[in-house]
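Q: Below is a structure I'd like to ask you about.
Please treat every number below as a calculation from the coordinates, not as lab data. All of these numbers come straight from a predicted model, not from anything done at the bench. Heads up, the Cβs are rebuilt from the backbone with ideal geometry, glycines too, and the neighbour counts pull from every protein chain shown.
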Amino acid sequence: MAVGVKVGEAEVFALFDGRHPFNLEWHYPSIGDEQWEPYTETGPKDLNFGAFLVKLDGKTILIDTGWGPQFAPPGGLESPPQLLDELAAIGVAPEDVDVVALTHIHPDHIGWNLIVGDDGSVAPRFPNARYLVPEDDIDHYRRRVDAGERIHPSIIEQGLGLTALDVTELVRDGAEVVPGLRAVHAPGHTPGHTLYVLDSAGERFVVLADIAHHPAVLHETDWVQSFDWEPEQARENRERLLKEYEESGCLLAAGHFPYPSLGRIGRDGDGRRVWIEEDVDA
């Protein structure tokens, strides 16, 4: 199912790792039927989970790793996680990945990070990769664990577990992943929530991470997602960045939007921001 597009001299691939039915009350509990009504006919009925692969100047960079095989969301997935199959379909083995760049360490973005054996052994699933992890997320969740808070086991195993390995580097705003690809700190959803911006031959591509979980939020930027750590900060960054990317017309990746989750921001006849899917080759 993996599909790809060219961005300047780079290749970008959208990778599918499952989906489940979109539940408004779960994701946006403060939104009533009247606010939701304009989007009931056109909005997607499922929430996608995925990742993105960038090939640039001989380097292979995987951005996020999906739900993975160890854990599943409440209610399960409509299809099993299949990130490794998606990579294989485009000729990429785990050993071929040079960098794994994480947007944040929520469970649906980190699930294929590590192989955990029955004996408790831990190894990177992408054995030749550097793992780039937002520093503020690591600090935040480590403090919560130390305080005895209940944390999703995937965050502990697949997120914080990375810090025990010498393949891990902590990332802050502006960090260069490889020449042409950089990290942009956009906190709010989590303290370390990070976008990745690719610039190549005059073209730009941005992985939006969890700036928006549903296309309606491109316009309804004040809607609070139930997992936002700091809602007002998330709202401010969402409005600022979506305005910037709408004006630039750059290609965007929104991993929770319908697969292949690649598109641009436009306007409909009523002046609402809308998602315009990119034409892609299977």
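Q: Using 7 Å Cα-to-Cβ label points, what is the THR163/GLU37 separation (nm, one decimal)?
A: 4.9 nm
Q: On to the next question. Please work out the Kirkwood hydrodynamic radius for the stretch 3-277, using every pair of different C-alpha atoms, and report it in angstroms with one decimal place.
A: 18.8 Å
Q: Need the list of lysines near LYS55 for cross-linking: C-alpha distance under 18 angstrom, and skip anything on the same chain fewer than eight residues off.
A: The reachable lysines, counting only those whose Cα sits under 18 Å from LYS55, are LYS6.
Q: Return one quarter of the surface area of the convex hull spanned by the alpha-carbon atoms of the stretch 77-138, equal to its mean projected area, in nm².
A: Mean projected area of the Cα convex hull: 5.3 nm².
Q: Within the stretch 226-263, whose backbone N sits under 16 Å from a point 7 Å along Cα→Cβ of SER30?
A: 226-239
Q: Rounded to the nearest 0.05, what FRET efficiency do GLU244 and GLU78 give with R0 = 30 Å and r taken as the Cβ-Cβ distance? Could you check?
A: 0.35
Q: Shifting gears a bit: How far apart, in nm, are the 7 Å Cα→Cβ label points at ASP96 and ARG267?
A: 4.3 nm
Q: Hey, another quick one. Pairs of Cα atoms under 8 Å, at least six residues apart: use those to get the relative contact order of the chain, whole percent.
A: Reported relative contact order: 19 percent.
Q: Would you work out the Kirkwood radius for the stretch 81-222? I mean one over the mean of 1/r across all pairs of different Cα atoms, in Å.
A: Hydrodynamic radius (Kirkwood, Cα pairs) of the stretch 81-222 is 16.3 Å.
Q: Taking R0 as 45 Å, what FRET efficiency do you get between VAL145 and LYS6 from their Cβ-Cβ distance, rounded to the nearest 0.05?
A: So the FRET efficiency works out to roughly 0.60.
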